[in-house]
Amino acid sequence: DTGVSQDPRHKITKRGQNVTFRCDPISEHNRLYWYRQTLGQGPEFLTYFQNEAQLEKSRLLSDRFSAERPKGSFSTLEIQRTEQGDSAMYLCASSLMGLAAQETQYFGPGTRLLVL
Amino acid sequence: DQQVKQNSPSLSVQEGRISILNCDYTNSMFDYFLWYKKYPAEGPTFLISISSIKDKNEDGRFTVFLNKSAKHLSLHIVPSQPGDSAVYFCAANGRDDKIIFGKGTRLHILP
């Protein structure tokens, strides 16, 4: 049973560089979420997809952030022109949204980003 | 404005005793509540959930209680074990498909 996987697990970059993270959800899950977590906080919602459609983006997601899920399977999150404030753990989660309105999201291990 | 509040940043409990983690919420539109456990350098792991139509859900050593009138839920772990030491996040889901998390409570199980 493979859960949600994320790559890379750690990324150190210099301010101004672009970074891209990948998330592979649980295979039969149709929904995929991105969250950001900083120290002392719970995960904060960034955006989510149902299949390949991006349904919502948080106000936390500035224009420098873009996410894609082109074939409704894996997703990428790109941050352009990184800033030190982007340093955080980026978490991906997936869920199966069916007829029951309530869903449980399952998280990957996260990608820890450090912007120097 | 925090919609999900965990007012205790940390909690220490003797091994074998009951651990009670508390959570309050403000949004009456929330209809599904979840608890996640997180170890350092790992993603949150789903523990247990409860629908707003219930007031209790039990899974092994874990029980979640929901008091809708008080907008309060709690997670009981009994008996507490050393492997339970982690950060516990309370989370709530409303009809807008987003999960809102609290800031977490760090549980220390003492030998």
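Annotations
- Of all the residues in the range A:63-86, those that are surrounded by fewer than 18 Cβ atoms within 10 Å (Cβ to Cβ) and either closer than 20 Å to A:L39 by Cβ or in contact (Cβ under 8 Å) with a residue 40 or more places away in the chain (or both) number 10.
- Any hit, the range B:58-71, residues being without any contact (Cβ under 8 Å) to a residue 60 or more places away in the chain, in contact with a Leu (Cβ under 6 Å, 6 or more places away or on another chain), among the basic types (K, R) and under 30 Å from A:M97 (Cβ atoms): no
- Among the strands (runs of 3 or more DSSP E) confined to the range A:15-116, the ones with at least 1 residues that are under 11 Å from the mean Cα position of the chain (by Cα) and within 12 Å of another protein chain (Cβ to nearest Cβ) are located at A:19-24, A:31-37, A:44-50, A:88-95, A:111-115.
- Residues being among the aliphatic types (A, V, I, L, M) and within 16 Å of B:F101 (Cα to Cα) - total across the range A:43-87: 2
- The strands (runs of 3 or more DSSP E) found entirely in chain B that carry 3 or more residues being more than 14 Å from chain A (Cβ to nearest Cβ) are B:10-14, B:19-25, B:62-67, B:72-77, B:105-110.
- Some residue of the range B:37-46 being under 13 Å from the mean Cα position of the chain (by Cα), surrounded by fewer than 21 Cβ atoms within 10 Å (Cβ to Cβ), without any contact (Cβ under 8 Å) to a residue 12 or more places away in the chain and closer than 26 Å to A:Y33 by Cα: yes
Read the figures in this text as sums done on the coordinates, not as results from a lab. From a predicted model like this one, the values you see are computed outputs, not experimental measurements. Every residue, glycine as well, gets a Cβ built from its backbone with ideal geometry; the counts of neighbours run over all protein chains shown.
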